[in-house]
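S.K.: What follows is a structure written as structure tokens; I'll ask about it next.
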Amino acid sequence: MNMTSAGTYTVPMEELWGVLAAHQLWLFGEKGGRRADLSRLRLDGVSLRGVNLSRAKLVGAKIINCDFGGAQLEGADLYGVDLTGTNLKHTNCLRADFRGAQLKGSDFTGAELSGADLRSGALLMDGGATDGSSDSNAEEGPRLRRANLDGARLSGAIVRKADLSGASMRNAKLEGADLSGTQLKDVDLTGADLSRCDLTSARLDRATVAGAKLDGAVLKGANLIGVDLSTLALCNADTSESVRVDDSPEAWNRLQDMIARHVRWVDTGGAEGARAEFVRADLSGLDLSGSRLVGAVFKEAKLRGTKLISAALNLASFMNCDLGGADLSNAELRGIRFDQSVLDGANFVGADLSVETVRMSATKSAEHPSLMSGCTVVKTNFTGASARGLITKEMDLGKIIADPAFWDPLKGPAPAS
């Protein structure tokens with residue numbers, strides 16, 4: 001046994017196989033058997049496919065980038081285990097104890113997790129690797145696609161940015177859990193309790209919620225397209241800031257075709273194609289970076305968190321739109337109009353909000369200044385943006401983020417911090 005600086009230990013593989021053999025005897029009540037206690041063991045890149053560790057003790061173990069595909073972990077004590085980057089596809093984790101587990105980048109596709117306990121677990125640690133040794137993607141949550149989580153206990157669990165697409169979570173306990181940014185597409189949540197659950201920016205496309213509880217859940221930016229909220233047993237949640245975005249391949253192709261027709265309309269001076277008009281459209285969370293939408297019309301549209309990086313939006317108009325958290329960094333916004341729109345938290349870093357000059361003929365041209373009227377701009381970032389000629393009306397600019405170069409053309413000093 002070799003101790004590591006992190007308080008874990010390593011063993012030679014032949015010794016580990018001996019522990020596993022004794023555990024099999026114990027499971028079947030045979031002589032010489034002994035329950036496997038692998039608490040605080042460290043394994044890196046080891047393949048134990050199909051291993052039977054049912055009811056084994058692995059408290060605080062670090063099983064990094066290993067292959068446990070098809071393993072038996074029924075009733076295992078995995079309290080505080082670190083399974084970063086480990087393959088657990090089609091494992092049997094029935095009634096396993098995963099409290100406090102770290103599952104960043106792990107893959108539970110097709111796993112059996114009925115009755116598993118994942119309460120109060122930091123399943124996705126923000127930041128880098130858990131102990132500095134893993135190269136797993138820090139932005140990637142656990143993958144539990146099509147996993148069976150019926151009756152699983154995840155109350156208070158932190159499952160940020162996980163992929164639970166197609167999972168069965170019937171009667172699961174999720175009270176107070178953090179599922180922000182999680183993929184819950186086509187999930188069966190029949191009878192599940194999501195009271196006080198944080199579903200910020202989660203994708204619940206076509207989820208089944210019959211008899212589920214959503215009381216007090218946070219649904220800001222959550223995608224509820226195809227979700228029938230009328231079937232819920234209890235829903236006192238605020239859905240006003242949720243979205244309903246169809247990001248299916250068919251919908252995306254229709255959107256791209258619309259943009260292509262708009263580009264044709266611009267290039268031919270209106271002789272061909274058609275102007276893009278997004279009236280009450282929900283484009284939240286979509287990536288439209290680099291799109292050519294010069295002169296497009298957005299009316300009562302939702303673009304929460306939409307990426308419009310380096311997009312060409314000169315002379316476009318946004319009326320009564322919600323662009324909270326949208327990214328318009330380095331976008332061309334000359335001559336644009338924002339009327340009565342929400343721009344809170346939007347990113348205009350490096351954007352061009354100056355005057356657009358349109359040549360009418362060989363001798364005539366017209367200038368169109370950019371306009372922001374009646375918009376909310378709390379924590380809106382204008383650092384490095386060009387504001388030459390920008391007109392602002394009926395707006396409180398005291399809470400924006402900007403540098404002196406942005407304020408100078410507005411002929412007013414920056415508000416005192």
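S.K.: Which is the longest stretch in the chain that no exposed loop site breaks, taking sites as GluC sites (Glu not before Pro) with a DSSP loop state and at most 13 other Cβ atoms within 10 Å?
M.R.: Working: sites that count: Glu30, Glu139, Glu272, Glu394.
For GluC sites (Glu not before Pro) (loop position, at most 13 other Cβ atoms within 10 Å), the longest site-free span of the chain is 140-271.
S.K.: By how many degrees, 0 to 90 and rounded to 10, does the Cα axis of helix 249-267 deviate from the longest principal axis of the chain?
M.R.: Its long axis makes an angle of about 20 degrees.
S.K.: Give me Ser242, Ser39 sorted ascending by neighbouring Cβ count inside 10 Å, so fewest comes first. All intermediate terms of the calculation are to be shown ahead of the outcome.
M.R.: Values: Ser242 26, Ser39 17.
Arranged by neighbour count, lowest to highest, Ser242, Ser39 become Ser39, Ser242.
S.K.: Please figure out what share of the DSSP beta bridges in region 248-417 is antiparallel and state it in percent, rounded to the nearest 5.
M.R.: On the way: 4 of 32 bridges.
Antiparallel bridges: around 10 percent, rounded to the nearest 5.
S.K.: Out of these labelled values of Rg/Rh (Cα atoms, Kirkwood Rh), (1) 1.05; (2) 1.11; (3) 0.94, which was calculated from the coordinates shown here?
M.R.: Looking at Rg/Rh (Cα atoms, Kirkwood Rh) for this model, the match is (2).
S.K.: Along region 83-94, what does the Karplus equation 6.51 cos²θ - 1.76 cosθ + 1.60 (θ = phi - 60°) give for ³J(HN,Hα), rounded to whole Hz, x for Gly and Pro?
M.R.: 10, 3, x, 8, 7, 10, 4, 6, 7, 9, 10, 4
S.K.: OK, next. Multiply the residue separation of Glu250 and Gln340 by 0.36 nm, subtract the distance between their alpha-carbon atoms, and state the gained length in nm to one decimal.
M.R.: Working: separation 90, 0.36 × 90 = 32.40 nm, distance 3.18 nm.
Stretched out fully, the Glu250 to Gln340 stretch lengthens by 29.2 nm.
S.K.: Roughly how large, in nm² to one decimal, is the mean projection of the convex hull of the alpha-carbon atoms in region 185-266? Could you put the intermediate results ahead of the total?
M.R.: On the way: hull surface 23.9 nm².
Taking the Cα atoms of region 185-266, their convex hull projects to 6.0 nm² on average.
S.K.: Between region 304-324 and region 140-172, what is the separation of their alpha carbon centroids in Å?
M.R.: Using only Cα atoms to place each centre, the spacing works out to 34 Å.
S.K.: Also: With θ set to phi - 60°, apply the Karplus curve 6.51 cos²θ - 1.76 cosθ + 1.60 along region 164-181 and write out the HN-Hα couplings as whole Hz, x wherever there is a Gly or Pro.
M.R.: So the J values, rounded to whole Hz, are 10, 3, x, 6, 9, 10, 5, 6, 5, 9, 10, 4, x, 6, 9, 10, 4, x.
S.K.: Another question, if that's okay. What angle do you read, to the nearest 10 degrees and between 0 and 90, between the alpha-carbon axis of helix 13-27 and the longest principal axis of the chain?
M.R.: Once rounded, the angle reads 70 degrees.
S.K.: Could you tell me the center-to-center distance, by alpha carbons, between region 341-417 and region 76-104 in angstrom?
M.R.: Centre-to-centre distance over Cα atoms comes out at 51 Å.
S.K.: Here is a follow-up. What number, in nm² with one decimal, is the all-direction average of the projected area of the convex hull of the alpha-carbon atoms of region 248-417?
M.R.: Working: hull surface 39.2 nm².
Taking a quarter of the hull surface, the average projection is 9.8 nm².
S.K.: Considering amide H positions built from the backbone, and no H for Pro or chain starts, which residues 5 or more places from Ala276, or on another chain, come under 5 Å of its amide H?
M.R.: Val297
Where a number appears in this text, it was derived from the coordinates with a stated rule and is not lab data. What you are looking at is a predicted structure, and each value in this text was computed from that prediction instead of being measured. So basically every Cβ, Gly included, is an ideal-geometry build from the backbone, and we count neighbours across all protein chains shown.
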